[in-house]
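What follows is a set of notes on a single structure, which appears directly below.
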Protein chains: 2
Amino acid sequence: MANYFSSDFKLGILGGGQLGKMLLYETRKFDIATHVLDPSAEAPSKIACNYFEQGDLMDYDTVYNFGQQVDVLTFEIESVNVDALAALEAEGKKVYPSSKTLQNIQDKGVQKQFYKAHKIPTSPFRVFESKNELNEAIVRKEIEYPFVWKSCTGGYDGKGVSIIKDAEAIIPLPSGACIAEKLIPFKNELAVIVARNVSGEVATYPVVEMEFHPEANQVEYVICPARIDENVSEKAREVAKKVSNAFEHVGLLAVELFQTKDDEILVNEVAPRPHNSGHYSIEASYTNQFEQHLRAILDLPLGNTDSKVGGIMVNLVGAEGHTGNVDYKNIENILKLEGVTPHIYGKKQTRPFRKMGHVTIVNKDIAKARQIAEKVKKTIEVISK
Amino acid sequence: MANYFSSDFKLGILGGGQLGKMLLYETRKFDIATHVLDPSAEAPSKIACNYFEQGDLMDYDTVYNFGQQVDVLTFEIESVNVDALAALEAEGKKVYPSSKTLQNIQDKGVQKQFYKAHKIPTSPFRVFESKNELNEAIVRKEIEYPFVWKSCTGGYDGKGVSIIKDAEAIIPLPSGACIAEKLIPFKNELAVIVARNVSGEVATYPVVEMEFHPEANQVEYVICPARIDENVSEKAREVAKKVSNAFEHVGLLAVELFQTKDDEILVNEVAPRPHNSGHYSIEASYTNQFEQHLRAILDLPLGNTDSKVGGIMVNLVGAEGHTGNVDYKNIENILKLEGVTPHIYGKKQTRPFRKMGHVTIVNKDIAKARQIAEKVKKTIEVISK
């Protein structure tokens, strides 16, 4: 096995946001040397890596040259130049997840077609090259209101997704390629993180349950374990495993799922990286998702995905009406609550709904954790000074 | 309350070894800006702090000038210039633990006299200005073999301590000030970490049990909770609290204890900082010792000191007969074992008995954890390439 620990080995990470920052806790723990590429001079991962480079993740040459300097290349964000990854792979560079996996995920139209091709349950959909095509289909009554509109590219944290109830709602949509999905009435939004290492060893994390913020369409609470029947949870883990095997991904794959009214499990979308729905694992799991991602891409044995205790995550997003230097109001009061751990990402500027951090609440009793999580939510405020 | 999170606040840390490195995981988690001073250009804490300065921790001007740049000053090693700390305090700088606490601890003779003055149970002892004085006392039969010799200063990881059985054993001892302690036959060596914040809030961690390496006199296993009677454990926590209050320390105080044959609790020595005996807390406790140290010195509410699961720590020390570039042989095999987390400190060079890292083994069943810990110990080897 390659020697990664306190050695000359170099891991490259494309993207230096909060996911990269938390991944660096694990590379530091194992003393694995890291290079990070990010467009921002104030990237949360700028310190704690061994070498930081400021550059455009979508620029072919920047990504290609960065990749040349490292032994294994990974990413914490999907918006990276996939052609550069392919070129590096062609030269024998190890890139995990692979450019092929990323290609099948980056474009939501391609991703949906991939599910269809692999007989993975997902909501009915149609892909359109442009907003005009979509409008024509609506005129021809091929698409009926309400439906879910998703931009094929660039969607993130609820951006690029909206529920279209009438013609009015179409007007503000961008003109680019998009998909129209059948609006599925569901009981729960669930997620399962699947880890798959280079040798093909697979492990799934427990099913988590997500509660979304009504306006911002951002996850507000992630609850592990999900409060669902065991058979539903087993089905969800099976579907997630099927998705993982179809993509043959290496690393982590976060699979977002719908539990329909009749307990069907449908795949919503996936992210080939550590995911917001797995942040609870830092405090609650035997092996947190960031260490697991490292184990997977370095072909180390996967760790135990079970939980030590119940875990709930609350996102810390910028309060509405506040833009400027951030102030975490009442943070000292949530530190008084039992089993509460705030994670502050290090973004100096807040703006409405910007992901500024998260708080994990752990407790042997998940119902107790849920109560404390609500207190946390009511107490702390992410405002500007 | 001062705003520490993503603000202009600066925490200064004297010492950049593994304790500092692990403390930086927590300052990163809270996005608290840090300055680190360490004599080595290859200090484990060199990255992940916001500003690193290479300098002598015992040099007055170096420490004084470093302290001027920060808002709160702490340390991860006792061998720092205490006069510089006192001067900074005199100017209103916050230094935690205080220079007074450190003065009472740095010199083991002073530390033992402090226990005596405060009626804290400890083994009988005598302090000698020099080896000559000790020899005279032996000639006068005031000291009888066997006894425990401890250098008053510079002792660390078993250095500066030896059990003296006869005149022969005296010869190699250094000439400086020392103490002679009665050799106490004990059942167990225990430790309790006490956290005390600026406002005087106090919390004790569960009692841990230490197993030492026979030759190196370094901790080999730290077991939490200690496998002792509840009443002994309560007594140990009470004694530790008494020590904490006597020192009026702020931060963490690791109190090493002897459990005598008749279940008396005697204080061996203390360390006013995060401690090897608390490393298990990273994986096992609701609040790990490094986060707790931050909470204490920043006068934040203390976190829950209970454990989520049982924890055992194995030190990774350099194998005998190996000096040079380190290789963690079979580390991939211990990663296969359940609940195993290696921590690699990042020292590139190994030498016999050098602390290179540690491994934590967590399990709901402490007996199971102990079995796995033994496997870990037998499997991994810290050798040179």
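For the reader, a short list of remarks on this structure follows.
- The stretch B:44-58, subset in contact with a Phe, Trp or Tyr (Cβ under 9 Å, 6 or more places away or on another chain) and part of a loop (DSSP other than H, G, I, E, B), residue farthest from the other protein chains (Cβ to nearest Cβ): B:Leu57
- Leading residue by the ranking (nearest to the other protein chains (Cβ to nearest Cβ)) among those in the stretch A:16-43 that are farther than 18 Å from A:Glu291 by Cβ and surrounded by 23 or more Cβ atoms within 10 Å (Cβ to Cβ): A:Gly16
- Across the stretch A:281-321, the number of residues qualifying as within 10 Å of chain B (Cβ to nearest Cβ) and not in a loop (DSSP other than H, G, I, E, B) comes to 6.
- Subset of the stretch B:163-208 (residues that are within 18 Å of B:Glu144 (Cα to Cα) and hydrophobic (A, V, I, L, M, F, W, C)): B:Ile163, B:Ile164, B:Ala167, B:Ala169, B:Ile170, B:Ile171, B:Leu173, B:Cys178, B:Ile179, B:Ala180, B:Leu183, B:Ile184
- Of everything in the stretch B:138-168 that is on the phi > 0 side of the Ramachandran plot and modelled with pLDDT under 90, the residue that is surrounded by the fewest Cβ atoms within 10 Å (Cβ to Cβ) is B:Gly154.
- For beta carbons closer than 9 Å, sequence separation of 6+ or different chains, a first residue in the stretch A:344-370 that is not assigned by TED's automatic domain parsing to the domain that holds A:Gly321 and a second that is open to solvent by 60 Å² or more (accessible area, probe 1.4 Å), there are no qualifying pairs.
- The stretch A:335-369 - residue that is buried (at least 24 other Cβ atoms within 10 Å of the Cβ) and outside any strand (DSSP E or B) and, of those, farthest from the other protein chains (Cβ to nearest Cβ): A:Ala369
- A residue that is under 19 Å from B:Ile282 (Cβ atoms) and either of a type in the set (Val, Ile, Thr) or in contact (Cβ under 8 Å) with a residue 40 or more places away in the chain (or both) cannot be found anywhere in the stretch B:60-67.
- Count of the stretch A:24-43 residues, restricted to those that are over 17 Å from A:Ser7 (Cβ atoms) and either in contact (Cβ under 8 Å) with a residue 40 or more places away in the chain or in a loop (DSSP other than H, G, I, E, B) (or both), is 6.
- Criterion: modelled with pLDDT under 95, of a type in the set (Gly, Ala, Ser) and surrounded by fewer than 24 Cβ atoms within 10 Å (Cβ to Cβ) - qualifying residue of A:Ala226, A:Ala254, A:Ala216, A:Ala246: A:Ala216
- Count of residues meeting criterion [over 26 Å from A:Phe353 (Cα atoms) and among the aliphatic types (A, V, I, L, M)] in the stretch A:153-211: 6
- Residue count for the stretch A:80-102, restricted to those that are more than 20 Å from A:Gly200 (Cα to Cα) and open to solvent by 60 Å² or more (accessible area, probe 1.4 Å): 3
The values are calculated or read from the model by the stated rules, or taken from the named source; none is laboratory data. Predicted model, so just to flag it, every value in this text is computed and none were measured. All Cβ positions, even for glycine, are placed from backbone atoms using ideal geometry, and neighbour counts span all protein chains on display. These area figures cover heavy atoms from the full protein model, side chains too; ligands, DNA and RNA do not enter into them. Shrake-Rupley method; radii C 1.70, N 1.55, O 1.52, S 1.80 Å.
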